[in-house]
Structure formats: C-alpha cells, structure tokens
1. For segment 23-31, state whether one or more residues are under 16 Å from G72 (Cα atoms), touching a residue at least 40 places away in the same chain (Cβ under 8 Å) and surrounded by 12 or more Cβ atoms within 10 Å (Cβ to Cβ).
2. Evaluate the following for A13: is it open to solvent by less than 70 Å² (accessible area, probe 1.4 Å), farther than 14 Å from E81 by Cβ and small (G, A, S)?
3. Those residues that are open to solvent by 60 Å² or more (accessible area, probe 1.4 Å), among the aliphatic types (A, V, I, L, M) and at pLDDT 90 or above, I need them from segment 133-146; list them, please.
4. Here are A94, A68: which of them is assigned to a loop (DSSP other than H, G, I, E, B) and either open to solvent by 70 Å² or more (accessible area, probe 1.4 Å) or at pLDDT 90 or above (or both)?
5. So which residues in segment 71-88 are open to solvent by less than 40 Å² (accessible area, probe 1.4 Å) and closer than 21 Å to D3 by Cβ?
6. For segment 147-159, check the following and say yes or no: at least one residue is surrounded by fewer than 16 Cβ atoms within 10 Å (Cβ to Cβ), within 21 Å of the chain's Cα centre (by Cα) and touching a residue at least 12 places away in the same chain (Cβ under 8 Å).
7. Among the residues of segment 108-132, write down those that are surrounded by 15 or more Cβ atoms within 10 Å (Cβ to Cβ), part of a helix (DSSP H, G or I) and touching a residue at least 24 places away in the same chain (Cβ under 8 Å).
8. Quick one: count up the residues across segment 33-47 that are under 16 Å from G72 (Cα atoms) and open to solvent by less than 80 Å² (accessible area, probe 1.4 Å).
Amino acid sequence: MIDTRTLAPVIAAAQGGDAAALDHLLRVCHPDVRRYAYRHCRISDVDDAVQEALFILSRRLYALRIVAAFPGWLFTIVRRECRRLERHVFGLDALDEARMEAWLATCPDAALRVDLIQALESLPAHYREIILLRDFAGLTIRALSARLALSPMAVKSRLHRARELVREYLIA
C-alpha cells in the first residue's frame, strides 16, 4: 500500500525534477499499480495498463497539488487506462479524440459557442439541467444530488450520459 507520509519527500523531489526520486517513486509504486490493474483490467491488458499508468505518472506528476491525494490520483490513472484499453479492444470508443481535437483546432470561438449552445439545446431537459448545473454553475455531485433528489450515482450517470450526448452532437 502506498504510504504518502513516507513518500512525501520523494514525491516533492520528483515534482521538482529529481530523476533519481522519480525512478524511486516509480519502483515503489509499481507493485501497487500492478495489483490494482489486475483487479480492473482484462488479464491481457494488465502489462499495458501498468506501463501506461507509470508513464502518465512520470509525465504528469507536476500536476498533483496535494501529496496526500497521490494514491487516489494514481489509481484513477490505472482505472482510466484499463477502461481505455477495454474500449479499444471492444471498439466502444464512441468519441474519436483525434477528430475532436482537429475540429476544435479549426473551429473559431464564435462558431464553437454556437455549436455548444445548439448541442445543449438538443438535450432532453433533465440532461440539460444537470450539465448546466455541474459544468456551468459548478455545483458538486453532492449538491446536485440534494437539489435534484437523486442518488450520487444517479447524478454521475446522468451527467456522464449528458456529456456523451453533447460530444456526439459536436462530432456529428
């Protein structure tokens, strides 16, 4: 188990650019990352997920703001990698990231705003409400849950579906 109290100086040094500290951090985290990947990935994807997660750790460690959040942050990376690999294997990746990036790069801001407004207007009312409250008003999942009288899981599910519909609209 990753102990942030003992790893805090190592994490801070690695964030500061110390290559030896980063190497030590990767070695210490490797067994936990592998164990977590075994629980969340298909067995054939474990090695790829571990490798990608450690690579992402080494490249994005600077973005970690609170050292105590390190284990959760790292395990979120592993879980996302497992999901990404699964979507790729089963062809479930509905959002073509490269196509979306190309579209965003060529789209002027005014056109992007119009497209976003149209995408939001195309949503059913319950999806539009949740995406506006979360992404524009900045309410937390807990606040949304209380305001809409839904469970937190229902809020997350509805928010995910609303964002997915907006992406589909914008890509189509």
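1. Residues of segment 23-31 that are under 16 Å from G72 (Cα atoms), as a first pass: 25-26, 28-31.
Remaining after also requiring touching a residue at least 40 places away in the same chain (Cβ under 8 Å): 29.
Retained after the next criterion (residues that are surrounded by 12 or more Cβ atoms within 10 Å (Cβ to Cβ)): 29.
Yes - at least one qualifying residue is present in segment 23-31.
2. Numbers: open to solvent by less than 70 Å² (accessible area, probe 1.4 Å): yes; farther than 14 Å from E81 by Cβ: yes; small (G, A, S): yes.
Yes; evaluated as a whole, the condition is true for this residue.
3. Of segment 133-146, the ones open to solvent by 60 Å² or more (accessible area, probe 1.4 Å) are 134-137, 140, 142, 146.
Now drop any that are not among the aliphatic types (A, V, I, L, M), which leaves 137, 146.
Selection gives A146 alone.
4. Working: A68 fails: assigned to a loop (DSSP other than H, G, I, E, B).
Only one candidate qualifies: A94.
5. Narrowing segment 71-88 to residues open to solvent by less than 40 Å² (accessible area, probe 1.4 Å): 71, 74-78, 81-82, 85.
If the condition is that a residue be open to solvent by less than 40 Å² (accessible area, probe 1.4 Å) and closer than 21 Å to D3 by Cβ, then P71, L74, F75, T76, I77, V78 are the ones that fit.
6. Residues of segment 147-159 surrounded by fewer than 16 Cβ atoms within 10 Å (Cβ to Cβ): 147, 149, 151-154, 157.
Filter again for within 21 Å of the chain's Cα centre (by Cα), leaving 152-154, 157.
Narrowing further to those that are touching a residue at least 12 places away in the same chain (Cβ under 8 Å): none.
No, segment 147-159 contains no residue that is surrounded by fewer than 16 Cβ atoms within 10 Å (Cβ to Cβ), within 21 Å of the chain's Cα centre (by Cα) and touching a residue at least 12 places away in the same chain (Cβ under 8 Å).
7. Quick first cut of segment 108-132, residues surrounded by 15 or more Cβ atoms within 10 Å (Cβ to Cβ) only: 115, 119-120, 123, 127-131.
Narrowing the set further to residues that are part of a helix (DSSP H, G or I) leaves 115, 119-120, 127-131.
Passing the criteria: D115, A119, L120, Y127, R128, I130, I131.
8. Residues of segment 33-47 under 16 Å from G72 (Cα atoms): 33-37, 39-40.
Imposing the further condition that a residue be open to solvent by less than 80 Å² (accessible area, probe 1.4 Å) reduces the set to 33-34, 36-37, 40.
Qualifying residue count for the region: 5.
The values are calculated or read from the model by the stated rules, or taken from the named source; none is laboratory data. Since the structure is predicted, the reported quantities are computational estimates derived from the model, not experimental observations. Every residue, glycine as well, gets a Cβ built from its backbone with ideal geometry; the counts of neighbours run over all protein chains shown. Protein only, heavy atoms only, side chains kept; ligands, DNA and RNA dropped before computing areas. Shrake-Rupley method; radii C 1.70, N 1.55, O 1.52, S 1.80 Å.
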